[in-house]
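Just so it is clear, none of the values below were taken in a lab; they were calculated from the coordinates. Here the structure is a predicted model, which is why all the values come from computation and not from measurement. Glycine gets a Cβ as well: all are built from the backbone with ideal geometry, and neighbour counts include every protein chain shown.
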Protein chains: 2
Amino acid sequence: MTPEAEWMAVARILVEKWIQADLDRPNPMAERIIEAMRYSVLAGGKRLRPLLVLAAGDYLRVPLESLRLPALALEYIHTYSLIHDDLPAMDNDDLRRGKPTNHKVFGEALAILAGDGLLNEAFLKLSELGVDSEFSSGNVLRALRGLARASGAEGLIAGQTLDLASEHQELSLAGLQTVHGRKTGALFQAACQMPAWLTGNMDAADRLHRFGWHFGLAFQIVDDILNVVGDAAIMGKSTGTDSNLSKATYPRLVGVEASWMMARGHVQSAEEALGPDLDNAQRLLSLLRQAVNRVA
Amino acid sequence: MTPEAEWMAVARILVEKWIQADLDRPNPMAERIIEAMRYSVLAGGKRLRPLLVLAAGDYLRVPLESLRLPALALEYIHTYSLIHDDLPAMDNDDLRRGKPTNHKVFGEALAILAGDGLLNEAFLKLSELGVDSEFSSGNVLRALRGLARASGAEGLIAGQTLDLASEHQELSLAGLQTVHGRKTGALFQAACQMPAWLTGNMDAADRLHRFGWHFGLAFQIVDDILNVVGDAAIMGKSTGTDSNLSKATYPRLVGVEASWMMARGHVQSAEEALGPDLDNAQRLLSLLRQAVNRVA
């Protein structure tokens, strides 16, 4: 195993452990809501956003263990957005990661509330970083602002709004990039910047902002490609769904081959964003390569 | 005009001004989402939660002007919860404050996102209090934790979950109080405690926690009563809806007369929670009286 592969294995185990432990708590008032929240959080997934938090932490020499709460916050916001995205009024998906979607199991009302619960929980997690933390309260607040902007009406939610609107109109390549930049990029950027915000390293925050942008776009283009050429059994969700909705995707706009070239271009731009000195960046870069070379 | 009535008039104007100005911003990426968020925020309402923030601030000698961001945060969380509550999968309401509900105007998908947007915005607002603020970052984080707990899966969302479940079963009086304590009480408590958290006055936070609890329950009982005996035209929403769903309410469980007595009991307990020295509490108490003596 390379040191990067070893680090990744350790980081993955740590993230899973945190996720398993965190929502394992009684809620005597309303057991069902925690159950619904846990269902989607534990339904698997690549844990890419928490891993990005940890890899960016490694880049800035921030210990893994001190990033538990921000890592959870990122995964919860991602999961909330998936639960709401899957609702009948939105994408109307029955399967997610090979399992019935939240509303298929718990009903629409509870699925809406489970998403709401996870969004709240994300901000609670991050604000708990203010207690006995090695990070200053001012920097924790900076991270909270950054996360709230990334997930809010100018970030992730703008992306979802544009995505809805685009189902009924032809999108240009630039338009598609705007959607993906918000819907995927914003949260990737926040994940990458998290350790920089928490340590008040604004120079690094700037570099990681650009890195996260290109990482998000590369990831999303590969997602689009796998939706066309991927294997439904490996993907754990229906493939070909995008073209059914005649939704704009990279392969549909420029073809599979040109999409790959664009993804590789973003990988290169992401590397360049970290500057000439890449000694500390090996974990970030191996996460990037994995995300682009995946088959599902 | 009494000094209390004068203060209330000023506070109301201030809150409306803040609310009008805050979301009046371009969102070139996705105009529609801000429009949907604004629609419900500007649809009127009593602005009781922001007014509670200001009245509790007055109680602790915190200047009105310094409470703009927390006041907005409370109103946004309240509005998000109404938008999601009104959805077809939840209470399926067509009217709110005499106007079509959010999903009736913007469609279900955008209504879900508008609620999500406002919840994000609430946490963004409060975290912005960390910039050039008279409150310490540690205390702002304390307020964020308090708000996230009040609106999360153990607070407001627990109340909504219990409320959903109660449509299909008989609730006892104690059960009903548990629902209301979460669904209404938690956010009232957070509104009252906000200035105490922000100034790190934990003794006052404790008193205001109990005050907010009884205020919330008194308010909710009166709401139940008005739903039975109120005037639909004044209320701006359909009355009699609760009994249609054969939902548990105070009047249904104990009758209108006993419900009034219970509301008055909570008013008294709220007063007592503030302790013997009520010199600074006049604005809080007049808000309490108004909330109980309202006709809509």
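Would you tell me the mean number of C-beta atoms belonging to other protein chains that fall within 10 Å of each C-beta in B:178-186, as a whole number?
Partner-chain Cβ atoms within 10 Å, mean over residues of B:178-186: 1.
May I ask you to derive the relative contact order of chain B, considering only C-alpha pairs under 8 Å and at least 6 residues apart, and to give it as an integer percent?
After rounding, I find 19 percent.
Less than 13 Å Cβ to Cβ from residue B:42, Lys/Arg counted +1 and Asp/Glu -1: what total charge do the surrounding residues give?
So the environment of residue B:42 carries a net charge of +1.
Using a 10 Å cut-off around each Cβ, can you sort A:108, B:6 from fewest to most neighbouring Cβ atoms?
Lowest to highest Cβ neighbour count: B:6, A:108.
What residues have an amide H closer than 5 Å to that of residue A:96, excluding those fewer than 5 places away on the same chain, when H is modeled at 1.01 Å from N in the peptide plane?
A:101
What is the list of residues in region B:33-59 whose amide nitrogen lies under 13 Å from a point 7 angstrom out from the Cα of residue B:12, following Cα to Cβ?
B:45-48, B:51
What are the label-to-label distances in nm, one decimal and shortest first, from residue A:104 to the same spot in the other copies, with labels 7 Å along Cα to Cβ?
The projected label point of residue A:104 is separated from its counterparts by 3.4 nm.
Enter the mean number of other protein chain beta carbons within 10 Å of the beta carbon of each residue in B:122-133, as an integer.
Averaged over the peptide's residues, the number is 6.
Arrange B:40, A:151, B:133 by Cβ neighbour counts within 10 Å, fewest through most, would you?
B:133, B:40, A:151
Please compute the average number of Cβ atoms from other chains found within 10 Å of each residue's Cβ in peptide A:145-151.
Partner-chain Cβ atoms within 10 Å, mean over residues of A:145-151: 5.
Considering only the label points, 7 Å along Cα→Cβ from Cα, what distances in nm to one decimal separate residue B:31 from the same position in each other copy, shortest first?
So the label point of residue B:31 gives 5.1 nm to the other copies.
I'd like to know how the protein assembly as shown sits against the 2.2 N^0.38 Å rule of thumb: what's its Cα Rg over that expected value?
Relative to the rule-of-thumb radius for its length, the protein assembly as shown sits at 0.98.
Round to a whole angstrom and tell me the spacing of the C-alpha centers of region B:137-156 and region A:66-120.
If we compute the Cα centre of each part, the gap is 21 Å.
Taking the Cβ of residue B:105 as the centre, find all other residues whose Cβ is under 14 Å away and add up their charges (Lys, Arg: +1; Asp, Glu: -1).
That sum, taken over residues with Cβ under 14 Å, equals +1.
What gaps in nm, shortest first, separate residue A:136 from its twins in the other copies when you place the label 7 Å past Cα toward the beta carbon?
1.4
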